[in-house]
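Here's the structure we're looking at; comments come further down.
The values are calculated or read from the model by the stated rules, or taken from the named source; none is laboratory data. Every value quoted in this text rests on a predicted model; they were computed, and no experiment measured them. Methodologically, a virtual Cβ is constructed for each residue, glycine included, from the backbone with ideal geometry; neighbour enumeration extends over all protein chains shown.
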């Protein structure tokens, strides 16, 4: 696929949006120097809170962090000065690391960056992206993978490339948005990412990130279904949770077929016969009246 051509100008990304202002910046008329720090957040699959970015100021420390970083760790740079620090390291081997650049990158540096980071993303005029302060919040959030931070429209293939907060990419055909629009005009010329990464806007039509991920990410769809089952307050949902707590399968109810158990759990049968409920309750070691409370 050809390199995406976004039709929306990118926002201005200021280094001060991530780092604390220098003392010089606090004085009237003093110019703030570019932030040459490199920011690094080790990947933690079981992380439930926000990601913590570590600030690195020397090439030696960058090299050490790169060589020991877990796969899929996220790196972030805010200026060309930080890019110079990062590219001066030149690790001996490439690893599964990800890089987000809030500064432009020259074509010559892109080859070097691509050798050590995959995927990587440099926010520029080629992308429609979140505002800087919002983007910072999204990449640090525990659910960054479920948010969109930037998008690009490829006119040649009539597709939109969406970048998630962890830099994973999704390619969505423009036709999918059109089919979802129900008559609203879908205008890729007005492509934008809004609502803290929870909405993709195409002029008069807006698509929720949840809907996009549910359609194009199998893992996300399975996770949503698991959450729905976990919060299902019906008799079927309670039966399923209690059965799993007891370590039983749908075949472990003598006198009630597995097909019947399955139909009750998915809600196809909402009022089972009293005799059926009695068998189920006895097998689960609860009283019938408590079956729907788990």
(message) Checking the conditions here, which among 161, 138 is in contact with a helix residue (DSSP H, G or I) (Cβ under 6 Å, 6 or more places away or on another chain), buried (at least 17 other Cβ atoms within 10 Å of the Cβ) and within 29 Å of residue 41 (Cα to Cα)?
(response) 138
(request) Go through region 145-161 and give me each residue that's more than 17 Å from residue 102 (Cα to Cα), in contact (Cβ under 8 Å) with a residue 40 or more places away in the chain and outside any loop (DSSP other than H, G, I, E, B). (result) 146, 153, 154, 159, 160, 161
(request) Check residue 189 against each of (1) touching a helix residue (DSSP H, G or I) at 6+ places or on another chain (Cβ under 7 Å); (2) part of a strand (DSSP E or B); (3) in contact (Cβ under 8 Å) with a residue 60 or more places away in the chain and name the one condition it does not meet. (result) (1)
(request) Within region 100-118, identify whether any single residue is in the same structural domain as residue 64 (by TED's automatic domain parsing) and assigned to a strand (DSSP E or B), and answer yes or no. (result) yes
(request) Kindly list, by first and then second residue, each pair from a residue in region 231-251 that is part of a loop (DSSP other than H, G, I, E, B) to a residue that is exposed (fewer than 14 other Cβ atoms within 10 Å of the Cβ), limited to pairs with Cβ atoms under 7 Å and residues at least 6 apart or on different chains. (result) 234/267; 250/258; 251/258
(request) Among residues belonging to region 40-58 that are within 11 Å of residue 140 (Cα to Cα), in contact with a strand residue (DSSP E or B) (Cβ under 8 Å, 6 or more places away or on another chain) and in a loop (DSSP other than H, G, I, E, B), point out the one that is modelled with the lowest pLDDT. (result) 51
(message) Here is a list: 224, 200. Which entry is closer than 30 Å to residue 128 by Cβ, outside the structural domain of residue 154 (by TED's automatic domain parsing), in contact with a helix residue (DSSP H, G or I) (Cβ under 8 Å, 6 or more places away or on another chain) and outside any loop (DSSP other than H, G, I, E, B)?
(response) 224
